Amino acid sequence: MDVKREERENFAKVQKTLLEELKSGEFHPLYLLHGEERYLLSYYKKLFLKAFSENEGINITQIEENLETKNLIETAETLPFFAPYRLMLFDGKIGGKKKLSDDFVQYLKTSPRTTVMLFLEEKVDKRSSFYKTVKDRGLILPCTVQDTDFLERFAFQFFKKEKKQITRPLLQKLLERTGNNMYRIEAECQKVISFLGEEIEVTEESIELCVKKLPEDKIFDLIEALGRGNRETLFRYYGDLLQLEESPTKIRSMIKNNVTKLLIVREMLTEGKAERDIAQALSMEPWRVRRFCSEARSYTLEALEDLMHALLRLEEEIRQGKIAEQLALEVLLCGEEKDYFS
């Protein structure tokens with residue numbers, strides 16, 4: 001079993017158990033939710049607060065600045081008020097300068113089962129005593145950036161809840177424009193739903209009008225127009241990026257990153273690699289890999305190398321102070337028309 005698949009299956013298993021416990025009201029003493037996906041951390045935090053919200057939340061203690069071990073233990077030892085459990089919420093208290101003491105981490109091994117402790121962390125050391133203790137006595141849910149299948153189900157639920165119908169190709173198109181940011185996906189789904197009003201079916205027009213392309217996708221379009229020598233389209237995309245307040249430095253950097261990926265994809269395609277292998281090598285979503293592969297097949301390897309060399313030359317001249325950043329970018333975009341295609 002590959003690592004990614006094992007991670008997905010583990011996430012689904014722990015998520016199911018966690019939701020069942022929140023519904024039944026039967027809890028482990030310790031929970032750790034960690035990862036860079038802030039949407040999931042916030043979502044489950046709200047579910048825990050809701051589960052303990054009876055009696056005006058009297059059984060909820062959100063730990064802020066006071067991390068003295070004595071006070072924390074006193075709170076943990078306090079019996080819940082007319083309820084089977086009380087909740088102690090720790091948000092970002094494991095790392096950094098102001099963190100829980102080793103003595104309190106040791107205390108977690110024998111803390112009372114009537115006090116549920118929820119820890120929310122972006123990063124956590126899996127070798128630490130804290131992590132091993134939570135693993136022994138509770139549940140650990142890794143809230144990492146999710147894969148395409150999960151995000152499709154996530155987005156689909158918004159339309160299903162509002163009794164809207166969306167086809168899989170349109171759902172994929174929406175995600176192509178939102179990227180994997182779950183906050184953005186939620187916001188863009190709500191915009192489409194509001195646009196539809198009483199209409200039931202999500203249309204391509206509604207996606208086009210409501211969901212704007214990400215800067216990264218406009219960069220891709222810009223590179224395509226550059227390769228085709230289509231200056232009118234090229235500078236329209238350039239203008240769009242400037243309107244989004246993207247700096248010339250960032251635009252040039254994004255162009256370089258995309259050209260680098262196109263070079264790698266072109267080389268792997270030449271070697272006979274499948275799209276699945278390319279996706280795994282570049283840690284890229286399947287839909288994005290398909291687009292890169294389609295575009296890379298249109299370029300000659302030499303043309304991509306020439307474009308990369310031009311970028312590197314301009315980068316060196318900028319570093320030496322021979323040319324200003326914005327002028328360098330516009331020199332690149334205004335370069336002589338060249339046939340980048342085979």
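The values are calculated or read from the model by the stated rules, or taken from the named source; none is laboratory data. It should be emphasised that the depicted structure is a prediction, and the values quoted were computed from it without experimental measurement. So basically every Cβ, Gly included, is an ideal-geometry build from the backbone, and we count neighbours across all protein chains shown. Surface accessibility is based on the protein's heavy atoms, side chains included, excluding ligands, DNA and RNA. Shrake-Rupley method; radii C 1.70, N 1.55, O 1.52, S 1.80 Å.
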Within the range 180-202, tally of residues that are surrounded by fewer than 18 Cβ atoms within 10 Å (Cβ to Cβ) and under 25 Å from GLU216 (Cβ atoms): 9
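Specify which of the listed residues (LEU304, LEU329) is among the hydrophobic types (A, V, I, L, M, F, W, C), surrounded by 14 or more Cβ atoms within 10 Å (Cβ to Cβ), in contact (Cβ under 8 Å) with a residue 60 or more places away in the chain and touching a Phe, Trp or Tyr at 6+ places or on another chain (Cβ under 9 Å). If you could, list the steps in order and put the result at the bottom.
Details: LEU304 fails: in contact (Cβ under 8 Å) with a residue 60 or more places away in the chain.
Being among the hydrophobic types (A, V, I, L, M, F, W, C), surrounded by 14 or more Cβ atoms within 10 Å (Cβ to Cβ), in contact (Cβ under 8 Å) with a residue 60 or more places away in the chain and touching a Phe, Trp or Tyr at 6+ places or on another chain (Cβ under 9 Å) holds for just one of LEU304, LEU329, which is LEU329.
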Residues in the range 272-301 that are part of a helix (DSSP H, G or I), among the small types (Gly, Ala, Ser) and either loosely packed, with under 15 Cβ neighbours inside 10 Å or in contact with a Leu (Cβ under 6 Å, 6 or more places away or on another chain) (or both): how many? 3
Set LEU120, LEU170, LEU174: member being closer than 30 Å to PHE82 by Cβ and either among the aliphatic types (A, V, I, L, M) or in a helix (DSSP H, G or I) (or both): LEU120
For LEU141: the one exception among (1) in contact with a helix residue (DSSP H, G or I) (Cβ under 9 Å, 6 or more places away or on another chain); (2) part of a loop (DSSP other than H, G, I, E, B); (3) under 14 Å from HIS34 (Cα atoms): (2)
Out of the range 113-139, which residues are closer than 13 Å to PRO29 by Cβ and surrounded by 14 or more Cβ atoms within 10 Å (Cβ to Cβ)? THR114, THR115, VAL116, MET117, LEU118, PHE119, THR133, VAL134, ARG137, GLY138, LEU139
Among the residues of the range 148-167, write down those that are more than 19 Å from GLY35 (Cβ to Cβ), in a helix (DSSP H, G or I) and either within 16 Å of the chain's Cα centre (by Cα) or among the basic types (Lys, Arg) (or both). GLU152, ALA155, LYS160, LYS161
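Can you tell which of SER42, SER101 is open to solvent by less than 90 Å² (accessible area, probe 1.4 Å) and closer than 30 Å to ARG184 by Cβ?
On the way: SER101 fails: closer than 30 Å to ARG184 by Cβ.
Of SER42, SER101, the one residue that is open to solvent by less than 90 Å² (accessible area, probe 1.4 Å) and closer than 30 Å to ARG184 by Cβ is SER42.
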